[in-house]
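The values are calculated or read from the model by the stated rules, or taken from the named source; none is laboratory data. Computed from a prediction, not measured in an experiment: that's the story for all the values here. So basically every Cβ, Gly included, is an ideal-geometry build from the backbone, and we count neighbours across all protein chains shown.
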Amino acid sequence: MKPSNYPAFPRSVTATVAILLAVRGFAPPEANADAEIRLSEREQARRERVEQHDIQNLRGRTTFTVDRSDAFLAVPQTDRQGREITIEGDFDVAKTAPTVKLRILPNLEPEFFGEGVEYYQAGWANWAYVTRSEDNRFFFAASDHRGRGAKLNIYEYRPDEDVVERVLDVGQVLGWHDDMYTDGKIHGHMGIMPDGEMWIGTHFGPAPKEHWFEEGYRGSWLLSYNIHTGKTHNWGVPLIVHDLACHTLDSERGIFMATGSYRGMVLSWDVNEKRTRFAGYPPNGWIWHPRSMLLDKETGIFWSNDNSEEPRRFMAFSPELNEFRRYDVEVPLNGRLRGHTHEPDKDGWYYWSTWGGGSFFRFRPDWENGPEIEELGPTWNQGGDVKQMAICPHKRYIYYQPGGYPAPLVQYDIKTGRRKAIAFLQDYYAEKYGYWVGDHVYGLKLSNDGSFVVYVENGSFPRPMGHPALTVIEIPESERTIDNHEP
């Protein structure tokens, strides 16, 4: 029987399939494991394409490639099909090319999948934010998105050692096995408490079907991992039947906040007391948007938008009061909210973007009177979707990477309102390495001193999705000088 509160999950639209493998004649350890799997016809074709395109053996490398080229500063004149294009809009281009490091993530096992697998964009990718610890380590996730026996890794990047490694096999911690229906990815913002405990919620790959529940699937998992001790804990399924599509952590007050489903279920979980504070739906038929959740650090109030009707309006939740409020303040362009900064600027403004339309605006929260917003134009000339933004320590620059093509790393100057392309990477890596860095950067984080940006490319050979890579862009000091000429 289907549970009475089983949500009506929308069917996901099939996206471009990932493409993986290595240079001609090279068989890395992961590929040898695939030899024991009877690949589906589709997966065999993927493998053959990757063997053709991985011309410099990126998959077999255990260290970063390091590149610095004036080609990073060349504004593309043609699209991916070679047709002439004109990039409209008013923007600057950096004068000094950055140094860029890139490495395909390790432990993408298996790379290819056998017959009879339930797919949802099957192929490794990152769909979660990048998290930075106080000591400047970076944590992020990648998974294969399968519905049964999915593999999900959490990685750590240590800049001082120039090392990226898997630190957690999520399925192993949660007791998953190959014949079990599981979640397929992490989609939220993993948050770290002062004691080093990082809180993580999982999210499905393919939308769960009725037979999943008949075979034991209950919903998405909550787990924690201590970045200092390596100890883990499985906290079970806090929202029976529902997923944890979007989540964030108030590390000062110890509140893990998550959305549950496309119907707007919300979870507020106390990580100090290890208990649920609220689990349910907003009142009045309101639907909490499941793809963006901004924490106002000063008040501990969480913000998003209501999806129940148009025009879409801002909505907030107070964990202290267990109270929702919706305001007569519309989201720009009738949009659904997307990527945002996690810190405000010197005047208390957060910076936010909308899904699809690419509207860019700043936002000042006010629980009593409603938020104040100011529109700043598109995120980029084509209005590409932005998943995560980072503000520099001096509160002067914001960094993000819009979706689509040519999708540069963008630096937004809060003082002048100018947008600057720090680097165009897609054509360079496609030509030199046969690697398409992808169109979708879901996680992006700035170093604690603002000198480099870390993000995960959802790229592959030659089309996006399949072989995610950690990318580190070192921003030249001359491109991030503030008023007193200090970087």
*Of all residues in segment 72-97, which are exposed (fewer than 10 other Cβ atoms within 10 Å of the Cβ) and within 21 Å of Y412 (Cβ to Cβ)?*
E88, D90
*asked:* Suppose we filter D178, D183 for residues that are surrounded by fewer than 17 Cβ atoms within 10 Å (Cβ to Cβ), assigned to a loop (DSSP other than H, G, I, E, B) and either more than 20 Å from the chain's Cα centre (by Cα) or of a type outside the set (K, R) (or both); which single one remains?
replied: D178
*State all residues of segment 147-175 that are in a loop (DSSP other than H, G, I, E, B) and under 18 Å from K231 (Cα atoms); if no residue qualifies, say none.*
G175
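Residues are listed down the side, and each one gets a yes or a no for (1) more than 21 Å from the chain's Cα centre (by Cα); (2) in contact (Cβ under 8 Å) with a residue 12 or more places away in the chain; (3) under 18 Å from R338 (Cα atoms):
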| residue | (1), (2), (3) |
| --- | --- |
| L267 | no, yes, no |
| T276 | yes, yes, no |
| H289 | no, yes, yes |
| G300 | yes, yes, no |
| S308 | yes, yes, yes |
| P311 | yes, yes, yes |
| L321 | yes, no, no |
*Residues (under 21 Å from W124 (Cα atoms), assigned to a strand (DSSP E or B) and modelled with pLDDT of 95 or more) located in segment 409-440*: none
*Output yes when any residue across segment 213-221 is touching a helix residue (DSSP H, G or I) at 6+ places or on another chain (Cβ under 6 Å) and under 25 Å from R338 (Cα atoms), and no when none is.*
yes
*Pair list, Cβ under 9 Å, 6 or more apart: segment 407-422 residue surrounded by fewer than 19 Cβ atoms within 10 Å (Cβ to Cβ), other residue basic (K, R)*: D413/R396; D413/R419; D413/K420; K415/R396
*Does segment 309-331 hold any residues that are buried (at least 17 other Cβ atoms within 10 Å of the Cβ) and either in a loop (DSSP other than H, G, I, E, B) or among the basic types (K, R) (or both), and which are they?*
R312, R313, P319, R325, R326, V331
*Top-ranked residue in segment 367-390 [being in a loop (DSSP other than H, G, I, E, B) and acidic (D, E); ranked as modelled with the highest pLDDT]*: E368
*Filter result (within 21 Å of the chain's Cα centre (by Cα) and on the phi > 0 side of the Ramachandran plot) within segment 424-459*: G438, G450
*Name every residue in segment 245-267 that is buried (at least 22 other Cβ atoms within 10 Å of the Cβ), in a loop (DSSP other than H, G, I, E, B) and of a type in the set (S, T, N, Q), in order of residue number.*
S261
*Residues being outside any loop (DSSP other than H, G, I, E, B) and surrounded by fewer than 20 Cβ atoms within 10 Å (Cβ to Cβ): count how many of those fall in segment 197-211.*
2
*Exclusive hit being more than 26 Å from P468 (Cα to Cα), in a loop (DSSP other than H, G, I, E, B) and within 22 Å of the chain's Cα centre (by Cα), set P393, P406, P402*: P393
*Somewhere in segment 315-330, is a residue under 30 Å from T99 (Cβ atoms) and touching a strand residue (DSSP E or B) at 6+ places or on another chain (Cβ under 8 Å)?*
no
